[in-house]
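Report on the following structure.
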Amino acid sequence: MRGMLNNGQPWRPRLVMMVKAPKAGRAKTRLARDIGKARAAGFYRHATAALVNRLGTDRRWEMVLAVDPVSALYQDWTSVWPAHIARVAQGGGDLGDRMGRLFQDMPPGPMVIIGSDSPHVSTDLIAEAFARLRGNDVVVGPAPDGGYWLIGLRRARHASQLFDNVRWSTEYTLADTLATLPENFSVAQLPVLADIDEGEDLAANPDVLIRSQSARL
């Protein structure tokens, strides 16, 4: 692993970004069906690198990359994932299994998980997420399609059935996730942000690729 978790500061807020190996055929498979594998992988590399560079330099939190597959822990993707940022494996199972393990296994303290599909995520939004966790058990960032681009837990209390029976990649994903929370958990919501999952998403946000490439350069 090219980075290590900073276990010396266990209560420091942690931002975990879930990423895939940025190569054709593995990253952005839905987008690839519309624009081709090579173009989709190229977009993913530029957009992910820009997002990591933007969010990973803020000292208000420690950034960790949760990577898939596990072999990507040991591959040289420093052009996309800076070497100083810690990496951990996502592991197997569906998205809920993987996020549940991350919430369980990370050192104590407030923690936020994002994907790599929302290039509009800013440091201000991440800071707001951690601020909301000071007074709430959970924070979510909804997406227009019924999913979400962010979920965070204060982790002061345990949610034993979190992510059970969630219908992933559907219009019910956010509602199903909230239904798995204990009844007494308080939830805060952030602004809605769009994901770039398919060709029509990219067409609706034509500035995304240009801005991602410029930020990376």
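The values are calculated or read from the model by the stated rules, or taken from the named source; none is laboratory data. Please read these numbers as outputs of a predicted model, since none were measured by experiment. Note that we place each Cβ from the backbone using ideal geometry, even for glycine, and neighbour counts take in every protein chain shown.
Results for (1) surrounded by fewer than 17 Cβ atoms within 10 Å (Cβ to Cβ); (2) among the β-branched types (Val, Ile, Thr); (3) at pLDDT below 95, shown as yes or no for each residue.
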{"position": "Asp76", "(1), (2), (3)": "yes, no, yes"}
{"position": "Val80", "(1), (2), (3)": "no, yes, yes"}
{"position": "Asp97", "(1), (2), (3)": "yes, no, no"}
{"position": "Asp117", "(1), (2), (3)": "no, no, yes"}
{"position": "Ile126", "(1), (2), (3)": "no, yes, no"}
{"position": "Val166", "(1), (2), (3)": "no, yes, no"}
* To do: Filter the stretch 52-74 down to residues that are more than 14 Å from the chain's Cα centre (by Cα) and buried (at least 20 other Cβ atoms within 10 Å of the Cβ) and give me whichever is modelled with the lowest pLDDT.
  => Ala72
* **Those residues of the stretch 128-145 which are at pLDDT 95 or above, more than 14 Å from the chain's Cα centre (by Cα) and not polar (S, T, N, Q), in sequence order** => Glu128, Phe130, Ala131, Arg132, Leu133, Arg134, Gly135, Asp137, Val138
* If you check every pair at least six apart or on different chains, which have Cβ atoms under 6 Å apart with a residue in the stretch 160-189 that is of a type in the set (D, E, K, R) first and a residue that is not in a loop (DSSP other than H, G, I, E, B) second? -> Arg167/Asp176
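Table: residues versus (1) farther than 21 Å from Arg26 by Cα; (2) free of Cβ contacts under 8 Å to residues at least 12 places away in the same chain.
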{"residue": "Ala41", "(1), (2)": "no, no"}
{"residue": "Thr57", "(1), (2)": "yes, yes"}
{"residue": "Pro82", "(1), (2)": "no, no"}
{"residue": "Ile85", "(1), (2)": "yes, no"}
{"residue": "Ala89", "(1), (2)": "no, no"}
{"residue": "Leu95", "(1), (2)": "no, no"}
{"residue": "Gly100", "(1), (2)": "yes, no"}
{"residue": "Gly115", "(1), (2)": "no, no"}
* To do: Name, by its number, the condition in (1) farther than 27 Å from Asp176 by Cα; (2) more than 16 Å from the chain's Cα centre (by Cα); (3) part of a helix (DSSP H, G or I) that does not hold for Thr48.
  => (2)
